[in-house]
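Have a look at the structure below before the remarks.
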Amino acid sequence: MAVPPSTYPRHLLPLFLGLFQGALLLFFALFVTYDEPSAQAEDTSLANQVYSTFPFFQDIQVMLVVGLGLLLTFLPCYGFSALTHNFLLLNFSTQWALVLQGLLHHFHHGQIHLDLHKLLLSEFAAVTVLISVGAILGRASPCQLLVMATCEIPLYLASEWVIVTCLGVLDVGGTITIHVFSCYFGLGVSKALFKATQQPLHPKEAPTTSSDLRSLVGTLILWVFWPSFVAVLCQPGDAQHRAILNTLLAMSASAITTVVASSLLERDGKLSPGHLQNGSLAGGVAIGVVADMAVPPVAALALGSLSAVLCVLGFRFLTPFLARKLTLHDQCGIHNLHGLPGILGAAASVVAVLVVPKDTSGSHPSQLSPAGANASEALERQWGSRGVSGQALYQAVGLAVAAGASLLAGLLTGSALRLPCLARPPERLCFEDSLYFKIHDQAESPEPDSSAEEGALALKEQV
């Protein structure tokens, strides 16, 4: 007997999450363990790894849970949903990536030995999902977002393996493997999900003063902790020191340049909150691919300034152009914050590889790869055989692979998200917390008309 449509979608979210968590409990019980206590006691490097890595790990947790969560609250009636869905997707994607990475790279003698480094790599994979959903924020249901995360994590792991392990691309801060991949994956999902229909401006889509202020606080938190995100996987010592300094310089330059560019683009000289929320972070995206290389400080400043200009110009001109000509919907402007600065950073890495001596460069991108030190040595030998010009070419090839593969994968995933059972909200009920949460105080919310209230009540029976 078929399940009535009024009851099936309503229970789809808890059913999906309950089955996932139950399967994960069984998987951990059978296959996941820690290292033997005796081996841990004899290995003093493990203690050093905890003391050196965990502070960075905490910084990244604050970035993703608090900073990014607040950054997404610029939609005035979608704050609960933005924060909660971001938190949910982070935990779901991290666990899913932990399982996949364990099976693919760390499954030995029927066991997966868990440590902080493996958890950190899984959280880096989860970052791609948190970025990608920005393209469809507010217009997709939680079930759609979870299905999107389920598809994106294995695709990211495959792309990262090809780019880092097979091609030997240098990208210690994830500019190409994380930011470029997640941007074009999200745009591909958006294009396939909304097809060729141009999304009109929703009444609840325009930010308010309070929502923009919350989002700007999120930007400040991300700005403070971003160097930890870039430097955590660098080799301790000179490479990690350079990565921190270069990131701070790039982000400082992008913050100042954002104010300059935003003020010049406005006729009255006033600043746009949206420009500040995103342009101030653009330097951190662009610098990641060259952060540990021995580039001069002026290069970090220049890269931060150029990335901020690209980001601001993208919000002012490119986003409306893509929406008008290609009917491409990008709710959070991820193309301006992650796509354009990511491409700039990849281009900068080509130049840096050509001008920076190989023996003064920092750690290899295999630090992002589960292959570990053996892969690092292999990549170093591979670079030596291909030469400087060959490595520069592979940097460009890595960018093309990340953008092309993610866009195609996003289009396929977006097509799958159109399934009716995933309960995509109708246009008139998008960007509304009350669709998914019990809101007790509606004093600050705009008063909906009676037709919207009736529509919300009807949709709640299906979500």
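Residue by residue, what Karplus-based ³J(HN,Hα) values in Hz, rounded to whole numbers, does segment 82-97 have, using 6.51, -1.76 and 1.60 with θ = phi - 60° and x for Gly and Pro?
Going residue by residue, I get 4, 5, 5, 5, 4, 5, 5, 5, 4, 5, 4, 5, 5, 5, 5, 5 Hz, with x marking Gly and Pro.
Separation between the LYS270 and VAL50 pseudo-spin-labels, each 7 Å from Cα along Cα→Cβ, expressed in nm?
Simple spin-label model gives 5.3 nm for this pair.
Could you sort 392-401, 99-108 so that the peptide with the highest average Cβ count within 10 Å comes first and the rest follow in order? Present the calculation step by step, with values, prior to reporting the outcome.
On the way: 392-401: 19.4, 99-108: 16.0.
Ranked by mean Cβ neighbours within 10 Å, highest first: 392-401, 99-108.
Can you send over the solvent-accessible area of HIS11, 1.4 Å probe, protein chains only, in Å² to the nearest 10?
100 Å²
Treating only the Cβ atoms of Lys and Arg (+1) and Asp and Glu (-1) as charged, compute the dipole magnitude of segment 133-269 about its Cα centre; round to the nearest 20 debye. Write out the running numbers ahead of the final one.
On the way: 7 positive and 8 negative charges, 67 e Å.
I would put it at about 320 debye.
From the square roots a ≥ b ≥ c of the eigenvalues of the alpha-carbon gyration tensor of segment 205-303, which class results: rounded (a/c under 1.5), prolate (a/b over b/c), or oblate?
Judged from the Cα gyration tensor, segment 205-303 comes out oblate (a/c at least 1.5, b/c at or above a/b).
Would you list LEU130, LEU310 from the most to the least accessible area, probe 1.4 Å?
LEU310, LEU130
Taking the Cβ of HIS179 as the centre, find all other residues whose Cβ is under 13 Å away and add up their charges (Lys, Arg: +1; Asp, Glu: -1).
-2
For PHE31 and VAL259, what does the FRET efficiency come to when R0 = 35 Å and r is the distance between their Cβ atoms, rounded to the nearest 0.05?
0.10
Using the Kirkwood radius over C-alpha pairs as Rh, can you work out the diffusion coefficient of segment 281-343 via Stokes-Einstein at 10 °C, viscosity 1.306 mPa s, in µm² per second?
D, rounded to a whole number, is 130 µm²/s.
Can you give me the distance in nm between label points at SER389 and LEU412, each placed 7 Å from the Cα along the Cα-to-Cβ direction?
3.6 nm
What are the ³J(HN,Hα) values, in whole Hz, obtained from phi via the Karplus relation 6.51 cos²θ - 1.76 cosθ + 1.60 with θ = phi - 60°, for each residue of segment 297-302 in sequence order, with x given for Gly and Pro?
Running phi through 6.51 cos²θ - 1.76 cosθ + 1.60 with θ = phi - 60° gives x, 5, 5, 5, 4, 5 Hz.
Report, by chain and number, residues whose modeled amide H sits under 5 Å from the one on ILE112, excluding near sequence neighbours (fewer than 5 apart, same chain).
Hits under the 5 Å cutoff: VAL32, THR33.
Rank these by accessible area, largest first, 1.4 Å probe: TYR78, TYR436. Each step should come with its number before you reach the end.
Values: TYR78 0, TYR436 55 Å².
Putting TYR78, TYR436 in descending order of accessible area: TYR436, TYR78.
In cubic angstrom, how much convex hull volume per residue do the alpha carbon atoms of segment 23-157 span?
Values: hull volume 15.0 nm³, N = 135.
In segment 23-157, the Cα hull volume divided by residue count equals 111 Å³.
Quick check on packing: order 162-175, 203-216 by the mean number of other C-beta atoms within 10 Å, highest mean leading.
Top to bottom by mean Cβ count within 10 Å: 162-175, 203-216.
Can you compute 3J(HN,Hα) from phi for each residue in segment 262-267, using the Karplus curve 6.51 cos²θ - 1.76 cosθ + 1.60 with θ = phi - 60°, rounded to whole Hz and x for Gly and Pro?
Those phi angles translate into 5, 5, 5, 7, 8, 4 Hz.
Going by average Cβ neighbours within 10 Å, how do the peptides 312-325, 420-433 rank, with the highest at the top?
Packing order, densest peptide first, comes out as 420-433, 312-325.
The values are calculated or read from the model by the stated rules, or taken from the named source; none is laboratory data. Bear in mind that the values here come from a model prediction, so they are computed numbers and not experimental data. In this analysis, Cβ positions are derived from the backbone assuming ideal geometry, glycine residues included, and neighbour counts consider all displayed protein chains. Heavy atoms of the whole protein, side chains included, go into the accessibility calculation; ligands, DNA and RNA do not. Shrake-Rupley method; radii C 1.70, N 1.55, O 1.52, S 1.80 Å.
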